[in-house]
Amino acid sequence: MWTNSSSSSFLLTGFPGLEAAHHWISTPFFFVYVSILFGNGTLLLLIKEDHNLHEPMYYFLAMLAATDLGLTLTTMPTVLGVLWLDHREIGNGGCFSQAYFIHSLSFVESGVLLAMAYDRFIAVCNPLRYTSILTNSRIVKIGLGVLIRGFVSVFPPIMPLYFFPYCHSHVLSHAFCLHQDVIKLACADITFNRLYPVVLVVFIFVLDSLTILLSYVLILKSVLSIAFREERAKVLNTCVSHVCCVLVFYVTVIGLSLIHRFGKHVPHVVHLIMSYIYFLFLPLINPIIYSIKTKQIQNGILRIFTAYRIGG
């Protein structure tokens, strides 16, 4: 058991029992990290530079890419610090701030996926008014609303962490700080910190996912009313990328939440694997999904590389 060198810090862990292999484990983590930065960074650059992509759907996609980048940049430096440099100590302030951004950005991502569902709903069910409904000013308002909801809603359970006494072991179970890990070490009444996140998950993740499901029920109903099969397939194809991202996100989030809440007897390695799937797989797969399934993104990438080749 590690001992804490300071009462104002915590100790992060990597893969218990595999400390000798941390350097080897860090290699695929680093390549995934670089791939996430490259994939989401390319999407943001593409949407910024390509005027053909200056449409509501791609603005929301840019928000998704920025959120994934933020989540990765919040977690991966400490993960690689533990695996590469055996740098385990993190100050209380840094730990609580990291937990705040991790949980806030998770809720922001859910909000962005909901906004993207709204975009697809308007595009399919009310196409003639698409541009008049999703104006630039409305997109900005939606984006700000998603950010405010995500960052404000997480503030109440994070703020008490700065004032709790921590008299148990200061060793956390991951290579990054999570709210549910920290409160287990507090010697105080943590009833609010246990109940509030459950309410928050219900009101954000559950309601968002149900609203997205309802929007796709209405979209499917509208699509089935189209007479020509080719037109139905073309319309549905515009939704495939978003549906894939939604399924990957909510299946992972629900699995991770269930394991954290009810998986006391689940091996710790399962907790670790689910956490890294969420923090690494989601930001990695989202740009891949959109690059494979969206022809405009493919064309934009080709234009960028062609322009650089000609310029070189």
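Below are the figures for this structure:
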| quantity | calculated |
| --- | --- |
| Residue identified as closer than 26 Å to Tyr162 by Cβ, touching a residue at least 40 places away in the same chain (Cβ under 8 Å) and assigned to a loop (DSSP other than H, G, I, E, B) among Thr78, Thr13, Thr72 | Thr13 |
| Residue count for region 95-112, restricted to those that are closer than 30 Å to Ala20 by Cα and in contact (Cβ under 8 Å) with a residue 60 or more places away in the chain | 5 |
| First in region 23-43 and within 18 Å of Ile273 (Cβ to Cβ) and modelled with pLDDT under 95, second anywhere and small (Gly, Ala, Ser) and crowded, with 17+ Cβ neighbours inside 10 Å, Cβ under 8 Å, 6 or more apart | Ile25/Gly14 |
| Some residue of region 44-64 being surrounded by fewer than 18 Cβ atoms within 10 Å (Cβ to Cβ), of a type in the set (D, E, K, R) and assigned to a helix (DSSP H, G or I) | yes |
| Options Ala186, Ala115: the member that is in contact (Cβ under 8 Å) with a residue 24 or more places away in the chain and either more than 24 Å from the chain's Cα centre (by Cα) or not in a helix (DSSP H, G or I) (or both) | Ala186 |
| Complete set of residues in region 181-234 that are among the charged types (D, E, K, R) and crowded, with 17+ Cβ neighbours inside 10 Å | Asp181, Asp208 |
| Condition met for Val206 (part of a helix (DSSP H, G or I) and modelled with pLDDT of 85 or more) | yes |
| Subset of region 220-241 (residues that are within 25 Å of the chain's Cα centre (by Cα) and at pLDDT 85 or above) | Cys239, Val240, Ser241 |
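The values are calculated or read from the model by the stated rules, or taken from the named source; none is laboratory data. Bear in mind the structure is a predicted one, so any value in this text is a computation, not a measurement. Reconstructed Cβ throughout: ideal geometry from the backbone, glycine too, with neighbour counts over all protein chains shown.
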